[in-house]
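Worksheet: one structure, shown below.
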Amino acid sequence: MTATLDAAGRAAQNTEISLAQAVNRALRDAMTADEKVVVFGEDVGVLGGVFRVTDGLTRDFGEQRCFDTPLAEAGIMGTAIGMAMYGYRPVVEMQFDAFSYPAFEQIASHLAKMRNRTRGALPLPVVVRVPYGGGIGGVEHHSDSSEGYFVATPGLHVVTPATVSDAYTMLRAAIESDDPVIFMEPKRLYWSKDVLSTTGPEIGRAAIRRQGTDATLIAYGPTVSTALETAEAARAEGYDLEVVDLRSIVPFDDETVCASVRKTGRAVVIHEAAGFGGTGAEIAARVSERCFHWLEAPVRRVTGFDIPYPPPKLERHHLPSVDRILDAVASLQWEDR
Amino acid sequence: MTVLATPDKTGSGFPLGFDTILDPSPLQYLDEHGALSGVLRDDAPELAPDRLLATWRAMVVGRRFDVQATTMVRQGRLAVYPSSYGQEACEIGAMLALRPTDWFFPTYRDCVSMVTRGIDPVEALTLLRGDWHCGYDPQRWRTAPQCTPLATQAPHAAGLAHAARLAGDDTVALAFCGDGGTSEGDFHEALNFAAVYQAPAIFFVQNNQYAISVPLAKQTHAAALAHKAVGYGMAGVRVDGNDVIAVQHVVGEAAARARAGGGPTLIEAVTYRMQAHTNADDASRYRNDSEVEYWKPRDPLARLEAYLKACGLLTDAVVAEADQAAEALADDLRTRLGEEPEVDHRDLFRHVYARPTPQLLEQAAGLQAELDAAELDAEAGR
Ligand SMILES: Cc1ncc(C[n+]2csc(CCOP(=O)(O)OP(=O)(O)O)c2C)c(N)n1
Ligand SMILES: [Mg+2]
């Protein structure tokens, strides 16, 4: 990936920025690098988006490059597809996870299939940014983890950053990709800060966030930080845990995940979305199929319950917590040690 | 320059739409007996003899294509065929009013339009034959893949038109849609987006009175589908969809307005689906023959022929040449659709992503191994 920073970016290189600012910078740099990159969605113009992720883009690039749309997610998705057919590279924002559902038909029937339907003649380089996940005290319909719907739709890439630098590099790569990318942004991490590095592994590769020898925690997006906290807490209980940040769910990095699980012999998959039929079920199945002879215990999942996302006052019970992950780790048949 | 302009009601906006829109009687230039209504000026381009003859010839060839496809679906050479017999004034008139640089968004029913655009008839039938989804190169023909999820192509046309305008091109995007499709949310979102952006788009509704079995009266309570344009602040027009001269004229006007920055147009073309929904449908379960009989004399091709004959334009030589072209097309279809199409199982995995994922490579290898083993078994058994 050839990511370049503008002058302001270079000056700011050693200061910490938030994940939301990293996304903003990626959009800016992509718009500067390629005039076919356009950004649109609900309130993304003058307001800069409800999370301020598109702050200043209309001011700096003009209304032709970053614009507000009517309130209609299928319309946003459908017009993005039409613009991509004409050579543009749209980056659209779904205001919140649960409000991307009206766009789902366009995503499933056209965005995901157009390249295939036309034998490669009509690739659709569209990025769909979806702020997702809970833990921000949002009322209903504002905290869904909707990645499973997209993950189950062949033809889409589905990626989710967990760090400031990944938010930047992965979005730049997503915009450069000739395939549609669902870019899931963990809302809870929007305000997390770090120094930005503009290089990183390519899309499709997982990253080992912490080396360990006893068990592998497999997480993505908002649960990566929970997994890291758990690993710290687990030291006191005598476990040395490895943490894999998937970064990309589709394509899935079997290689990195399996290498880790074969090394540790145990695995726990963590996500906020409901467990039944969730992404974790696929991951647990893949790991079991590929690492069966290395496994000391069944693969465990720590996920949200199989319930509609709860109200803010109850969400702490629903979200995977350090304690619940520790319990899962403790259940991984350590008797032989 | 602002992109999100509001309609300029003082400028060139809506010369056609708002004047006529609330009168639900469709615009007609050529009546069912083939007589000109006299509304069009004699020097209207649609009335130039060359243009009239080219239109008529395209209708003769288009109809022959449709009849042949219907025959071949009965012979099992196509998986399914939705006929547009009787809708040729829409299918062909709209196409002839576009430039090759304009984009077209067809539905499953619009093979005749695609053939009129110049797409190879066999490539136009790939979807319905079942050897792939889209058989032609959409970029080359500026024709999107035929769309089956109803009205979902309409926002694509709005987006593409908006993109063309941003790029400074004078490209127009025309999307076809059925009367049933106008009830879908995407239809409305597309109209609204196109109007807000003042995108050079044309939404052409072929109101053939039915959505499979459901008649228009159960689809809408509105007096006319074209009236929906008012709600979006765009031009709307209701046209006799069996009058190819009127169809060409209104599409031509809509395209000219769009190119001049006057925004989108909704066109409702009133026509009739003469055949069942597809070969798999039984129309006798929901409509009477008498209704079909009513529409027979309103046939778009017969009507144009009557006019051309009265003008003395349909010479024997002209008729013979068109018949020959139509028969050649039918022969070609018979031959090429008669052959079993070649399909390649490796295509299953080829165009899912720009680069296949490791998982797809693994699955492709698995299928290959399965097929190789089956082939070896078959050889051993022989
Ligand atoms: C979203 C969606 N729902 C249902 C269908 C099934 N379906 C196919 S054609 C059709 C009727 C469409 O009628 P209309 O829009 O009037 O077009 P026509 O077939 O008359 O050309 C239906 C219900 C579909 N293709 N897409
Ligand atoms: Mg219909």
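State yes or no: is B:THR55 out of contact with any helix residue (DSSP H, G or I) (no Cβ under 8 Å at 6 or more places or on another chain) and open to solvent by less than 40 Å² (accessible area, probe 1.4 Å)? Lay out the reasoning, then the answer.
Numbers: out of contact with any helix residue (DSSP H, G or I) (no Cβ under 8 Å at 6 or more places or on another chain): no; open to solvent by less than 40 Å² (accessible area, probe 1.4 Å): yes.
It is false that B:THR55 is out of contact with any helix residue (DSSP H, G or I) (no Cβ under 8 Å at 6 or more places or on another chain) and open to solvent by less than 40 Å² (accessible area, probe 1.4 Å).
For segment B:162-185, the set of residues classified as under 22 Å from A:PRO102 (Cα atoms) and more than 16 Å from ligand 2 (Cβ to nearest atom) consists of B:HIS162, B:GLY185, listed by residue number.
Number of residues in segment A:56-95 that are closer than 17 Å to B:ASN192 by Cβ, touching a residue at least 40 places away in the same chain (Cβ under 8 Å) and at the interface with chain B (Cβ under 10 Å from one of its Cβ atoms) equals 4. Of the residues making up segment B:106-122, none is more than 16 Å from ligand 1 (Cβ to nearest atom), surrounded by fewer than 21 Cβ atoms within 10 Å (Cβ to Cβ) and within 12 Å of another protein chain (Cβ to nearest Cβ). Of the residues in segment B:267-275, at least one is buried (at least 20 other Cβ atoms within 10 Å of the Cβ), away from ligand 1 (no atom under 13 Å from the Cβ) and away from chain A (no Cβ under 14 Å). When the test is whether a residue is basic (Lys, Arg), assigned to a helix (DSSP H, G or I), surrounded by fewer than 18 Cβ atoms within 10 Å (Cβ to Cβ) and within 14 Å of another protein chain (Cβ to nearest Cβ), A:ARG262 does not pass it.
Return a yes/no flag: does segment A:42-55 have any residue that is in a helix (DSSP H, G or I) and either crowded, with 24+ Cβ neighbours inside 10 Å or more than 10 Å from chain B (Cβ to nearest Cβ) (or both). So far as segment A:42-55 goes, no, none of its residues is in a helix (DSSP H, G or I) and either crowded, with 24+ Cβ neighbours inside 10 Å or more than 10 Å from chain B (Cβ to nearest Cβ) (or both). Scanning segment B:68-92 for residues that are within 21 Å of B:VAL239 (Cβ to Cβ) and either away from ligand 1 (no atom under 16 Å from the Cβ) or surrounded by fewer than 24 Cβ atoms within 10 Å (Cβ to Cβ) (or both) gives a single hit, B:TYR85. From the set of residues in segment B:121-143 that are part of a helix (DSSP H, G or I) and among the polar types (S, T, N, Q), which is farthest from ligand 2 (Cβ to nearest atom)? Ranking the qualifying residues of segment B:121-143, first place goes to B:GLN139. Look at (1) open to solvent by 60 Å² or more (accessible area, probe 1.4 Å); (2) away from chain A (no Cβ under 14 Å) and you find that B:ARG303 fails only one, number (1). Counting only helices (runs of 4 or more DSSP H) that fall entirely inside segment B:144-263 and contain at least 2 residues that are at the interface with chain A (Cβ under 9 Å from one of its Cβ atoms), more than 16 Å from ligand 1 (Cβ to nearest atom) and surrounded by 24 or more Cβ atoms within 10 Å (Cβ to Cβ), the qualifying elements are B:153-167, B:185-197. None of A:PRO308, A:PRO320 is touching an Asp or Glu at 6+ places or on another chain (Cβ under 8 Å), open to solvent by 60 Å² or more (accessible area, probe 1.4 Å) and in a loop (DSSP other than H, G, I, E, B) except A:PRO308.
The values are calculated or read from the model by the stated rules, or taken from the named source; none is laboratory data. Please read all numbers here as calculations on a predicted model, not as lab measurements. Cβ sites come from the backbone with ideal geometry, for glycine too, and all protein chains shown count toward neighbours. Please note that ligands, DNA and RNA were not included when accessible areas were found on the heavy atoms of the full protein model with its side chains. Shrake-Rupley method; radii C 1.70, N 1.55, O 1.52, S 1.80 Å.
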